[in-house]
Amino acid sequence: QVRVVESGGGLVQPGGSLRLSCAASLGIVSIYDIAWYRQAPGKQREFVAHITSDDITNYADSVKGRFTLSRDNTKNTVYLQMTFLKSEDTAVYYCHVMGSVYWGQGTQVTVSS
């Protein structure tokens, strides 16, 4: 059974930073492309960023230049470093193993003063 677990969310002021983690079992992180999505209240889930198995990254225009993906295969974890956070980044952030049915439970990010 594959487990995908996000962590690192919280409350941060505008302009602040957070690092989200996506830990997956069975060595999934080193084999599959991993994506982050987010869903704000009353809105559809939207793509944020993804990293391929050979570390090619792709970002939504809304986060480009502010968010950075990285991977640590030894820890089976993908990280989403978020900087210069804005109120519109407030959402539940989900990790997804691309090409599969596996999603994490989500972690809440709230950007507010």
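The values are calculated or read from the model by the stated rules, or taken from the named source; none is laboratory data. If you're wondering where the values come from, they're calculated on a predicted model, not measured in any experiment. Cβ placement follows ideal geometry from the backbone for every residue including glycine, while neighbour counts extend to all protein chains displayed. Heavy atoms of the whole protein, side chains included, go into the accessibility calculation; ligands, DNA and RNA do not. Shrake-Rupley method; radii C 1.70, N 1.55, O 1.52, S 1.80 Å.
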ask   = Can you tell me which residues in the range 99-112 are surrounded by fewer than 17 Cβ atoms within 10 Å (Cβ to Cβ), part of a loop (DSSP other than H, G, I, E, B) and at pLDDT 95 or above?
value = Gln105, Ser112
inquiry  = Looking at Tyr79 and the list (1) surrounded by 21 or more Cβ atoms within 10 Å (Cβ to Cβ); (2) in a strand (DSSP E or B), which single condition is not satisfied?
reply    = (1)
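Among the residues of the range 20-38 satisfying the criterion of being assigned to a strand (DSSP E or B) and in contact with a Ser or Thr (Cβ under 7 Å, 6 or more places away or on another chain), which is surrounded by the fewest Cβ atoms within 10 Å (Cβ to Cβ)? Steps first, answer last, please.
Taking the range 20-38 as the starting set, the residues that turn out to be assigned to a strand (DSSP E or B) are 20-24, 34-38.
From what's left, in contact with a Ser or Thr (Cβ under 7 Å, 6 or more places away or on another chain): 20-23.
Values: Leu20: 25, Ser21: 17, Cys22: 29, Ala23: 19.
Per the stated criteria, the residue is Ser21.
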message = Condition first: open to solvent by 40 Å² or more (accessible area, probe 1.4 Å) and either touching a strand residue (DSSP E or B) at 6+ places or on another chain (Cβ under 8 Å) or more than 21 Å from Val5 (Cα to Cα) (or both). Now tell me which residues in the range 45-58 satisfy that.
response = Arg45, Glu46, Phe47, Asp54, Asp55, Ile56, Thr57, Asn58
